[in-house]
Amino acid sequence: IETHNDYFLNLINKGVTQQQNEQAIKLAKQVGMKVKGFFILGLPNQTYKDCADTIKYVVSLNLDYVDFYPLSVYPNTELWDTPEKFNLSYKLPNGNWSEYYQVGKENHEWKVNHPNITSQQMNDLLSIAKKATKKGITYE
């Protein structure tokens, strides 16, 4: 799913709309499937409020499992190759990927320089998301 806002879904080339995601969730639940949603906070052009809105939206979906991740930039992606196009930059300390990998790490320095969200705000958003869903983040 990654985000709920059609603008951001289009920006990251998901090829689906919010309505299509909601319909897929509804159909999966109707046939008894458990549904897990993965969401990215800090997408290009997102603001703190946009991220907070995503968290509120996720709560309304009543998913069975939820994971929230900060935006990470990986090689051979458009964000990696042309971060300036998205008004972003990223830090790869000493070329050390173990310092960059972010899944499962809490209260760490976000490695993306985002024009609208600080590293501390990202940590706050992830904490809020975890508490709001009451399901936690399943990779822990």
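The values are calculated or read from the model by the stated rules, or taken from the named source; none is laboratory data. On a predicted model such as this, the values are computed, not experimentally measured, just so you know. Heads up, the Cβs are rebuilt from the backbone with ideal geometry, glycines too, and the neighbour counts pull from every protein chain shown. Surface accessibility is based on the protein's heavy atoms, side chains included, excluding ligands, DNA and RNA. Shrake-Rupley method; radii C 1.70, N 1.55, O 1.52, S 1.80 Å.
Brief remarks follow.
- Among residues of segment 117-129 that are open to solvent by 50 Å² or more (accessible area, probe 1.4 Å), those with a beta-carbon under 9 Å from a residue that is among the β-branched types (Val, Ile, Thr) and outside any loop (DSSP other than H, G, I, E, B) at least six positions away or on a different chain give the pairs 128/55.
- When 76, 45, 87 are checked against the criterion of being more than 17 Å from the chain's Cα centre (by Cα) and either of a type in the set (Phe, Trp, Tyr) or within 23 Å of residue 121 (Cβ to Cβ) (or both), a single residue qualifies: 87.
- Any chance residue 54 is modelled with pLDDT of 85 or more and open to solvent by less than 40 Å² (accessible area, probe 1.4 Å): yes
- Subset of segment 1-50 (residues that are outside any loop (DSSP other than H, G, I, E, B), open to solvent by less than 40 Å² (accessible area, probe 1.4 Å) and within 11 Å of residue 61 (Cβ to Cβ)): 21, 25, 37, 39
- Scanning segment 65-92 for residues that are part of a strand (DSSP E or B), of a type in the set (Ser, Thr, Tyr) and free of Cβ contacts under 8 Å to residues at least 60 places away in the same chain yields 69, 89, 90.
- Neighbours by Cβ (under 9 Å, 6+ apart or cross-chain): first from segment 48-60, over 16 Å from residue 115 (Cα atoms); second open to solvent by 70 Å² or more (accessible area, probe 1.4 Å) and in a helix (DSSP H, G or I): 52/128; 55/128
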